[in-house]
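Undergrad: Structure in structure tokens, see below.
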Amino acid sequence: MTPSAHYTHNYVEIAHYPPSDLVGSSTIRLAIVIVWPGLTAVGVLAYWLYARGRYVAAYPLLALYSLLGFVTLGHFAFGSPHIPPFWYATIFTDGLLGFAILTFAHWSAVTSFHTAPQRETRA
């Protein structure tokens with residue numbers, strides 16, 4: 001399952017999701033159009049940096065990109081959506097992927113910190 005399927009469903013079938021007292025449907029749709037591609041671009045950049053060994057720059061971007069998955073779980077903050085089971089699966093897989101990406105970024109950062117060559121200091 002891809003986040004794109006879930007976010008597209010959110011946009012098209014917004015009436016099936018619990019309404020928020022804080023944010024209207026139009027604002028949510030606008031946020032989807034801005035945040036989803038924006039964070040996806042952050043994720044692509046994070047991968048590009050990581051693949052080129054620029055880990056220090058990649059880690060915060062990976063953490064930021066993981067928010068895309070965590071935000072999806074916010075659907076349950078205002079009740080349970082009235083959607084078919086397949087779409088529930090996209091919500092949970094988005095959340096799991098966000099957790100997995102954040103866990104990977106943390107693990108990689110801790111591992112690379114402990115295995116980095118130590119510089120000698122002169123006394």
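Undergrad: List the pairs whose first member sits in segment 63-85 and is among the β-branched types (Val, Ile, Thr), whose second member is open to solvent by 70 Å² or more (accessible area, probe 1.4 Å) and at pLDDT 80 or above, and whose Cβ atoms are under 6 Å apart, counting only residues at least 6 apart or on separate chains?
TA: Pairs that qualify, where the first residue is among the β-branched types (Val, Ile, Thr) and the partner is open to solvent by 70 Å² or more (accessible area, probe 1.4 Å) and at pLDDT 80 or above, are ILE83/HIS16.
Undergrad: Among the residues of segment 1-30, which ones are among the polar types (S, T, N, Q) and farther than 20 Å from GLY69 by Cβ?
TA: Correct list: SER25, SER26, THR27.
Undergrad: Still on this structure, I have one more. Search segment 10-21 for residues that are of a type in the set (Phe, Trp, Tyr) and pair each with any residue that is open to solvent by less than 80 Å² (accessible area, probe 1.4 Å) and outside any helix (DSSP H, G or I) when their beta-carbon atoms are under 8 Å apart and the residues are at least 6 apart or on different chains.
TA: Listed by first residue and then by second, the contacts come to TYR17/PRO81; TYR17/ILE83.
Undergrad: I'd like to check something: does segment 35-50 contain any residue that is over 17 Å from the mean Cα position of the chain (by Cα), free of Cβ contacts under 8 Å to residues at least 24 places away in the same chain and open to solvent by 30 Å² or more (accessible area, probe 1.4 Å)?
TA: no
Undergrad: Next question. Quick one: TRP48 ticks every box in (1) modelled with pLDDT of 95 or more; (2) out of contact with any Leu (no Cβ under 9 Å at 6 or more places or on another chain); (3) over 24 Å from TYR7 (Cα atoms) except a single one, so which number is it?
TA: Among (1) modelled with pLDDT of 95 or more; (2) out of contact with any Leu (no Cβ under 9 Å at 6 or more places or on another chain); (3) over 24 Å from TYR7 (Cα atoms), TRP48 violates only (3).
Undergrad: For segment 52-85, enumerate the residues that are among the hydrophobic types (A, V, I, L, M, F, W, C), more than 16 Å from the chain's Cα centre (by Cα), open to solvent by 40 Å² or more (accessible area, probe 1.4 Å) and at pLDDT below 85.
TA: Residues satisfying the conditions are PHE76, ALA77, PHE78.
Undergrad: Could you check segment 17-37 and list, in sequence order, the residues that are more than 15 Å from THR72 (Cβ to Cβ) and assigned to a helix (DSSP H, G or I)?
TA: Answer for segment 17-37, where residues must be more than 15 Å from THR72 (Cβ to Cβ) and assigned to a helix (DSSP H, G or I): SER25, SER26, THR27, ARG29, LEU30, VAL33, ILE34, PRO37.
Undergrad: Hey, any hits in segment 92-113 for a residue that's at pLDDT below 85, open to solvent by 60 Å² or more (accessible area, probe 1.4 Å) and part of a helix (DSSP H, G or I)?
TA: Checked against the condition, which is being at pLDDT below 85, open to solvent by 60 Å² or more (accessible area, probe 1.4 Å) and part of a helix (DSSP H, G or I), segment 92-113 yields at least one hit.
Undergrad: Sticking with this structure for a sec: If PRO19 meets every condition in (1) modelled with pLDDT under 85; (2) open to solvent by less than 40 Å² (accessible area, probe 1.4 Å) apart from one, which number is that one?
TA: Condition (2) is where PRO19 drops out.
Undergrad: Consider only pairs whose beta carbons are under 6 Å apart and that are at least six residues apart or on different chains; among these, list those whose first residue lies in segment 89-117 and is closer than 14 Å to LEU61 by Cα and whose second residue is open to solvent by less than 60 Å² (accessible area, probe 1.4 Å) and modelled with pLDDT under 85.
TA: GLY98/GLY69
The values are calculated or read from the model by the stated rules, or taken from the named source; none is laboratory data. Note that the structure is a prediction, hence the values are computed from the model and not measured. Positions of Cβ are backbone-derived with ideal geometry, glycine not excepted, and every protein chain shown enters the neighbour counts. For the accessible areas, the whole protein counts, side chains as well, though only heavy atoms, and no ligand, DNA or RNA atoms are used. Shrake-Rupley method; radii C 1.70, N 1.55, O 1.52, S 1.80 Å.
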